[in-house]
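Please treat every number below as a calculation from the coordinates, not as lab data. Bear in mind the structure is a predicted one, so any value in this text is a computation, not a measurement. Here the Cβ positions follow ideal geometry from the backbone for every residue, glycine too, while neighbour counts run over all protein chains shown.
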Amino acid sequence: MASFERASPALKEILLRIYNAEKPIEVDHHLYEFGSVEYHIKSSVYEPQVTYLSISTPFLSQGVFLSYGLSPFTLKMVRQISTDVLHIVEPANDGYQLTLRLDFSKLPHNKESLNIITEVSSVQAVILSSQLKEMLQNVNSGDSSQGMYKPIKLIYHPKEPFYVIRQPQKIVAVFPMRFKDNSDVIIATSFFQELIDVVSLKKWAKVPPCNWSPIPPLELRGEPFEDLSTNGGFVSFDISSHHVEGKRLDKIVWSLLNFYAYVKHHVKCTRGFIQRRMRRGLDNLIEVLEKSRVEDGQIKKVQGWKKMRKMVASKSKMIKRRWGDLGKKIKRIRFRIKIHGFARFRRRWLKMPSFSSSTGYTKLQTNGNNN
């Protein structure tokens, strides 16, 4: 899925087209992606080796970063993509949080150029990851209540918020789960229970413990009701200090940002698998019925649900016809049985009397055109 990739495929394609162009091309393109992300790519024929890339992306937490924009830690992470090719333009263009100046003349003429352009295309993922990293490392320890720190609400998508709570011994990430269909709720609940069972094994002792509950955890007490009203419960991960050391921090952050996407991907694949199994079972049933149905020395094929109804109707007609033949045989057998004196008794006592009326009746002629 595209949401699991750090690099933006569309942005990467545009940058590669500019870099590989035989002649300088004029580019002034706006690109919109999932999560209210906007890119502005601009390249001029008068300066063919330089491309300007502006980025607008919503902050994960409005209360923490909105006052002063991108933090120095985030800008440092962006510069580490490529110190030679990438330069930050200050101030950024109007309507964007970040503007980059890309000097393609500094790119090496080998496969490394593709890797650098791919890293540049992942700048939005770098911004989000750095914001979450900074939260996990520098949460305000003075804002506490009864030994628990205030939850920080993170919004990667307007309808998919999650919470991060830093405690003295661990960091708790809580995901309220919402689904549109009841079938998705059943599949996701089964997946969460299986995930808890797997994480509890000794083999996975080093991964963050996972918990699922149909009710909000105590850490979210006091949060808005609309954020806590779910039909899929709440999934929480307990992240200890050794989970965010070194390179593990980057993996944990990226997994948290894409947890919603991963669950939806799993539910969608599971639903598709169940539907394929049901269709396969239906095909097998139809095949069995085809083999068992022989009429007039020919086997008639049945395909799909519509053919099933026709086959059932033809079966009922065949049964009625067979029972009709049997009824006629019974009548013939019954008529062959003779009772002595029954004919005289029937003529005398079972004959219907005839009635006559002085009043005549005229048959009415109906007109089909009359309403």
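Details
- Under-5 Å amide H pairs with Ile239, H placed in peptide plane, nonlocal only: Ile171, Val172, Ala173
- Percent of Cα pairs in segment 151-266 per distance bin of 5 Å, from zero to the largest separation: 2, 10, 21, 25, 22, 13, 5, 1, 0.
- 15 Å beta-carbon shell around Ile186, net charge (K/R +1, D/E -1): +2
- Förster radius 30 Å - calculated FRET efficiency between Lys170 and Glu5 (Cβ-Cβ, nearest 0.05): 0.50
- Listed by chain and number, the aspartates and glutamates placed with their C-alpha closer than 16 angstrom to that of Lys133 are Asp238, Glu245, Asp250; residues fewer than eight positions away on the same chain are left out.
- Modelled this way, with points 7 Å down the Cα-to-C-beta line, the labels at Leu218 and Ser240 are 2.1 nm from one another.
- Of the cross-linked pairs Lys12/Lys251; Lys170/Lys268; Lys12/Lys264, those separated by over 29 Å at the C-alpha level are Lys170/Lys268.
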